[in-house]
Structures are given as structure tokens and as C-alpha cells.
């Protein structure tokens, strides 16, 4: 029997005090120069006392020229080391490890923010509104990006973070290398599954070479991108096996891309899957053998303590990730583990007026998912400002703030 409150020792020796993880949420609380702000520190102070087993930051970009959205923190070198250290210091005595999620958006970069043309494995645009056709990376540029991941991880360790999580999901650059739809290369970085996963493995290896043995290295990986002819569960299992051979510390399972955001829109899962709540738990159970000794985390859909306990006790996963609940209830882990909370209830955020008219212009589920994300980002900003979350915040305020933050791309789903 494995309890949610049981500690977990990772392969690197780091100990998670329990099995609840605050998954990455894109905070958008960095400066225009990519530095973390005082508001970001206040937000993480709230989570530091939340009783979590692990807290993972939102997207920290490795290249100032290539950012996914306004407000991304960027770590290219030590220029922001003092501010990064203040950010990490809030967790120093909490008992909860803090990991930095490191990322490059690739073709999903916001060209207006980075003021550079997006780059990708191949010059193939994403099939979403306002997508920019990227420029294909050269061999030397690929090696430069690999080095950037390693440099960012080294700075994170110097600042006092306990680990990094490489974002290899949701359509960002690593996902693009893994996908046969986005990666049309025929050189050493594409053409078959082994060469497509080379970029991710080189990133992991380069990070390992630059950090100490006790510094954790995890990966957030798609189970599939849910597109015909794209990255599928067979290839994903092969990637997990390859990552296990590299000795990483945790694989967080997710899925989908901006083009096929599987966790948004109508719920088409089987009733048996819905009963287990988590979107990717069945995949995690199927990939357990490939992961070997590497712990698995599953994020997405968990709301009841019973489902979380069953997922961990069954052995299908070792860690339960909670994302959006943490933006409204920063101490939800403590509430679940110590205060008897049985279920996390979140408001439904969607267009309330003019749904038929909106539906004639664009897919309603896309608008609703973007509104939901913006609503939760608003809650992060309230916490960062030292204010309590506002569960009664109306949908139209979320729409207004999304437009102000992201401009014409506001209603393209973004995920941490």
C-alpha cells in the first residue's frame, strides 16, 4: 500500500516528502528582459507553505529571442542570478523541492514578443490561427540550443533550485523534434524515431554534464500528440525507455498540442476512464515497464482524493500532479493530506452570452478553453499581488485580460 503522504526517493537521491506535485503553470510574471519579479516571488511563497511534495515552475525559456508568451522568465546566463536566487530562497526551509521547467517554444514562439522569426526542426507551421511559418534550424543552431538548456540548468542550480524539468510536451520545440509531422529532417536529427528523439536525449545528457549528481532532472512528455501520422504512444514508450537508460529522475505524462489540445473541449473518454479521473493514467500504467526505476507522474483531470489515492496505490503512477487547482487553492496539497478535503471543486469558465454567435465564427471549445486558462492565470496574478483568489471572477473579465496579455493570439490555447 502506497499512501499519498508517503515520501518518494528519486534516482538522484532527492526525496519528495509526499506524492502531490504542483505542476507547471505559465505565470507570465517576468519582466520584458526575462527577469523574475517580486510578484512571482509572492506567488511561490504561497505554494512554499502549501504542503506539496514537489513544485515545478512554469515555462522558463532558454533564449530571450524565442519566447512563448509575454512575461516568460528567460535564463540565458547569470545576469538575473540575484533575482533567481530570491525566487528559490522562498523554498529553502519549506521541505518542498522546487524545480525549474526549462523550455524553448520552437515554432510556437510569439514573434511579437521575441521579435525574431520562430525556429523549428523543419519549416512547417503549426495548424493553428495566427501561426508563423518557422525557419529551419541549422546543425550548429541545434547544438547551440542544446547548450542553452544545459546553461540554464546550471544557472538554476547556482540560484538554489533543486532540479529542472525539460518540457517535451504540448507542441514546444522538443515535441516538434519528436513529431514526424513537424520534423521532416533526414539528417542526424530526423527521419526515423531514433533520430527524432536524439534532440531530447542530447538535452538531457548536456544538462547532466553541467549539474551535480544530486540535482534532479525530469522530463514532461506527451503520451501522444493525438494527430494522425504524428507522435504516438508506441514512439512515446520508446522515448520513455531511452530516458530511463539515461537515468533521469521523473517522467511527467501529459498529451496533446496546440493543434490538438486533448484536455480541452468535449470529454470523449470512455466511462471507465472518466471514473479514474486522470486523462493519461491508462498510458502511464502501460508504460510502467519501459520506465523501469524512473518514477512516473500523471497530471490532468484529478479532482478527488479517492482517485489520487487509487492511482498511487495501484502503482500506475508514483506522483499525482495538480495544475489549475493550485492557482485557486495554493494550499490544496495540505488540505488533501492533512485536513480531510475529499474533492477539489473548480468553477466552470465559459462564454455565457452569445455562444451561438461565437460558435459561428470559431470553435466554442477553443474559446472556452482559452477563457478557462486566462481565468486561472488571473488567479495567479492575484496571488502574486498578495490578494486572495476570486472564484466569482466573471468570464468576460478573463476574456479582457487574455486579450491584453496576448493580443491576437489570446484564444489559441496555451499550456504549461
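Taken over the range 109-119, the criterion of being in contact with a helix residue (DSSP H, G or I) (Cβ under 8 Å, 6 or more places away or on another chain) and outside any loop (DSSP other than H, G, I, E, B) is satisfied by 112, 119.
Does the range 251-271 contain at least one residue that is in a helix (DSSP H, G or I) and either at pLDDT below 85 or surrounded by 24 or more Cβ atoms within 10 Å (Cβ to Cβ) (or both)? Among the residues of the range 251-271, at least one is in a helix (DSSP H, G or I) and either at pLDDT below 85 or surrounded by 24 or more Cβ atoms within 10 Å (Cβ to Cβ) (or both), which makes the answer yes. Residue check: residue 122 meets all listed conditions (1) assigned to a loop (DSSP other than H, G, I, E, B); (2) out of contact with any helix residue (DSSP H, G or I) (no Cβ under 6 Å at 6 or more places or on another chain); (3) modelled with pLDDT under 95 but one, namely (3).
Residues in the range 31-63 that are within 17 Å of the chain's Cα centre (by Cα), more than 30 Å from residue 315 (Cα to Cα) and in a strand (DSSP E or B): 60, 61.
One residue stands out among those in the range 272-300 that are over 20 Å from residue 239 (Cα atoms) and crowded, with 18+ Cβ neighbours inside 10 Å: the one that is modelled with the highest pLDDT, which is 300.
Please verify whether the range 91-100 includes one or more residues that are under 25 Å from residue 404 (Cα atoms), in contact with a helix residue (DSSP H, G or I) (Cβ under 7 Å, 6 or more places away or on another chain) and outside any helix (DSSP H, G or I). Looking through the range 91-100, none of the residues is under 25 Å from residue 404 (Cα atoms), in contact with a helix residue (DSSP H, G or I) (Cβ under 7 Å, 6 or more places away or on another chain) and outside any helix (DSSP H, G or I).
Take residue 234 and decide whether it is at pLDDT below 65 and assigned to a helix (DSSP H, G or I). No, not satisfied. Residue-level analysis places residue 321 outside the set of residues that are in a helix (DSSP H, G or I), closer than 15 Å to residue 221 by Cα and in contact (Cβ under 8 Å) with a residue 24 or more places away in the chain.
Output yes when any residue across the range 310-317 is outside any strand (DSSP E or B), buried (at least 21 other Cβ atoms within 10 Å of the Cβ), touching a helix residue (DSSP H, G or I) at 6+ places or on another chain (Cβ under 6 Å) and touching a residue at least 40 places away in the same chain (Cβ under 8 Å), and no when none is. Yes: the range 310-317 contains one or more residues that are outside any strand (DSSP E or B), buried (at least 21 other Cβ atoms within 10 Å of the Cβ), touching a helix residue (DSSP H, G or I) at 6+ places or on another chain (Cβ under 6 Å) and touching a residue at least 40 places away in the same chain (Cβ under 8 Å). Within the range 60-81, residues that are touching a residue at least 40 places away in the same chain (Cβ under 8 Å) and on the phi > 0 side of the Ramachandran plot sit with their Cβ atoms under 8 Å from residues that are outside any loop (DSSP other than H, G, I, E, B) and surrounded by 24 or more Cβ atoms within 10 Å (Cβ to Cβ), at 6+ positions apart or across chains, in these pairs: 71/30. Screening the range 129-196 for helices (runs of 4 or more DSSP H) wholly inside it with 2 or more residues that are out of contact with any helix residue (DSSP H, G or I) (no Cβ under 9 Å at 6 or more places or on another chain), more than 20 Å from residue 253 (Cα to Cα) and modelled with pLDDT under 95 returns no ranges.
Scanning the range 324-348 for residues that are outside any helix (DSSP H, G or I) and surrounded by 21 or more Cβ atoms within 10 Å (Cβ to Cβ) yields 329, 330.
Of all positions in the range 194-211, at least one carries a residue that is crowded, with 16+ Cβ neighbours inside 10 Å and more than 22 Å from the chain's Cα centre (by Cα). Can you work out which of the residues in the range 6-50 that are under 21 Å from residue 320 (Cβ atoms) and surrounded by fewer than 16 Cβ atoms within 10 Å (Cβ to Cβ) is modelled with the lowest pLDDT? Out of the qualifying residues, it is 49.
Counting only residues that are in contact with a helix residue (DSSP H, G or I) (Cβ under 6 Å, 6 or more places away or on another chain) and surrounded by 15 or more Cβ atoms within 10 Å (Cβ to Cβ), which one in the range 70-80 is nearest to residue 156 (Cα to Cα)? Top of the filtered list is 75.
As a summary of the residue check, residue 416 satisfies the conditions (1) assigned to a loop (DSSP other than H, G, I, E, B); (2) over 15 Å from residue 47 (Cβ atoms); (3) at pLDDT below 95 except for the one numbered (2).
The values are calculated or read from the model by the stated rules, or taken from the named source; none is laboratory data. Everything numeric here is computed off the predicted structure, so don't read it as measured data. Backbone-built Cβ (ideal geometry, glycine too); neighbour counts: all protein chains shown.
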